[in-house]
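The structure appears right after this line, and notes come after that.
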Amino acid sequence: MNKKILKLAQSAIFAALAFISFTYFQIKIPVPGGGDFTSIHFGNIFLVVAALTIGGFYGGLAGAVGMTIADLLDPIYVIVAPKTFILKLCIGLIVGLIAHRLKKINLSDDKKYIMKWAVIASICGMAFNVVADPLVGYFYKRFLLGQPQDIATALAKLSAGVTLFNAVITVIIANIIYNAIRPILKKVNLL
C-alpha cells in the first residue's frame, strides 16, 4: 500500500477521533462577560497520539482538521475555528519534531527510550498549547473580534488554567494509549 495513502487514512481516523472526543466528551465552562466559553475536553489526546503514531505533520493535521470541524459545527466555537486549526497543527508539529525527527522513536525497540521521549514530546507540544492558546486567544479576541480588554484578559486567564488541566490529562492518557497500541501497530506494519 502507498505510504502516503496509508498516512492519509490514518489521519482521517485520528481526525474523527479528535472530533468525537472534543464534541462529545467536553465540559463547557462559561466565562465572564457572557456568550463565551472555554472547555475541558479530550480532543488533544488523539492529536498527540496521532503525532506520536504517524508523525507530526499528519498527526497535527488530523487534530487540526478534527477539532476545527468540531468548532465549525458548534455555534459557540465557530468564531475561533481558524485559531484552533493553526494551534492544533503546531502541537502536532512540535510533538512529531521531537519524537520522530530528533529522537526517532519509531526506529527504536527500547521501551524505556520510547516512553521517555514520547512523554517529553507530548509535554513540549502541550506546554506550547498552555502558553499559545491563551496568548493567541487574547490577541484574537481583543484585536480581531474587538472584545473589550477586561473580557479578553479574563478569558485568557481562565483559558490558561483550563488549558493546563487539559494538557496534563492529555499527556497522561495519550501516552497510555500510545504505549498500548504501539506494539500492535508495529507488529502489523502500520507504524
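Ignoring lysines fewer than eight residues from LYS187 along the same chain, the ones with Cα atoms less than 19 angstrom from its Cα are LYS3, LYS7, LYS104, LYS111, LYS112. Shape summary: the chain maps onto an equivalent ellipsoid whose semi-axes, from the alpha-carbon gyration tensor, are 31, 16, 13 Å in decreasing order.
Cross-link reach is defined here as a Cα-Cα straight distance under 13 Å, omitting same-chain residues fewer than 8 places apart; for LYS83 the aspartates and glutamates meeting it are ASP71, ASP133. Between LEU72 and VAL168, the FRET efficiency estimated from the beta carbon spacing at R0 = 35 angstrom works out to 0.80. Close amide H pairs (under 5 Å, H built 1.01 Å from N) link SER39 with ILE29, residues at least 5 positions away or on another chain. On a per residue basis, the chain carries 50 Å² of accessible surface, using protein heavy atoms and a 1.4 Å probe. Tell me, what % of the accessible area of the chain is carbon and sulfur with a 1.4 angstrom probe? Heavy-atom surface of the chain belonging to carbon and sulfur, 1.4 Å probe: 74 percent.
Put a dot 7 Å past the Cα of ASP150, heading toward its Cβ, do the same for LEU135, and the two dots end up 2.7 nm apart. Each Lys and Arg Cβ is given +1 and each Asp and Glu Cβ -1; about its Cα centre, the chain then shows a dipole of about 800 debye.
The values are calculated or read from the model by the stated rules, or taken from the named source; none is laboratory data. Because the structure is a prediction, the values reported are computed rather than measured. Here the Cβ is made from the backbone with ideal geometry for all residues, glycine too, and neighbour counts use every protein chain on show. Keep in mind that these areas ignore ligands, DNA and RNA; they rest on the heavy atoms of the full protein, side chains included. Shrake-Rupley method; radii C 1.70, N 1.55, O 1.52, S 1.80 Å.
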